Amino acid sequence: MRKGYVQVYTGNGKGKTTAALGLALRAAGAGMRVFIGQFIKEEAAAEHAALERFSDLVSVRRFGRGFVMKPSGEDIAAAREGMGESQEALRSGRYDVVILDEINVAIHLGLVDVEEVLRMVRERPDNVELVLTGRYADERVIGLADLVTEMRDIKHYYEKGVQARHGIEK
């Protein structure tokens, strides 16, 4: 049996979701099945069109209504739905890799209870790779992880007014 680990991609820099999607692509290329639950995000981006080509191996679900400053009841309901589906995916035995994109932000905003995520990490089947992305990773999540990568901004063309470009940032 293959051993799975818990990975966290966090920090203020660009690349957390991109790194997780790269891992998903690599896993699919190896014939592994991947579940990606995207919290907060609502809009389809170019990566969704690309991942549709691997729909036999990669399942993507979005649980959000977009950018959140002050969570509404609808935002919380969407996140709860996401937690339910993500927990089912993790326990189902159908997936080798489970990615919870922006889950750290969902915790930070109070959309998701950190204790529920910690329980998911602790109860994760040993053969499933679990990836948690997003800024503001809780120290308790970091403590349970096997691998933690912090993305850090050094320089970004956004500071010069460059907007997100289709196929590059979105």
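The numbers here are math on the coordinates, done by the rules we state, and not lab data. It should be emphasised that the depicted structure is a prediction, and the values quoted were computed from it without experimental measurement. Cβ sites come from the backbone with ideal geometry, for glycine too, and all protein chains shown count toward neighbours.
Below is a table of values for the structure above.
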item	result
Filter pass, residue 69 being more than 14 Å from the chain's Cα centre (by Cα) and surrounded by 12 or more Cβ atoms within 10 Å (Cβ to Cβ)	no
Every pair of residues 6+ apart whose Cβ atoms lie under 7 Å, when the first sits in the stretch 51-74 and is closer than 21 Å to residue 25 by Cα while the second is in a loop (DSSP other than H, G, I, E, B) and charged (D, E, K, R)	57/33; 62/41; 62/42
Filter pass, residue 43 being outside any helix (DSSP H, G or I), over 24 Å from residue 116 (Cα atoms) and either in contact with a helix residue (DSSP H, G or I) (Cβ under 6 Å, 6 or more places away or on another chain) or not aromatic (Phe, Trp, Tyr) (or both)	yes
Members of the stretch 46-63 found to be buried (at least 17 other Cβ atoms within 10 Å of the Cβ), touching a helix residue (DSSP H, G or I) at 6+ places or on another chain (Cβ under 7 Å) and either on the phi > 0 side of the Ramachandran plot or outside any loop (DSSP other than H, G, I, E, B) (or both), listed by number	47, 58, 60, 63
Entirely in the stretch 102-170, the helices (runs of 4 or more DSSP H) that have 3 or more residues that are more than 19 Å from residue 37 (Cα to Cα) and touching a residue at least 24 places away in the same chain (Cβ under 8 Å)	139-144
Residue in the stretch 20-35 that is part of a helix (DSSP H, G or I), touching a Gly at 6+ places or on another chain (Cβ under 7 Å) and touching a residue at least 24 places away in the same chain (Cβ under 8 Å) present	no
Search result, residues across the stretch 111-151 that are more than 30 Å from residue 93 (Cβ to Cβ) and either over 18 Å from the mean Cα position of the chain (by Cα) or of a type in the set (A, V, I, L, M, F, W, C) (or both)	151
Only one of 84, 31 that is at positive phi and either surrounded by fewer than 18 Cβ atoms within 10 Å (Cβ to Cβ) or among the β-branched types (Val, Ile, Thr) (or both)	31
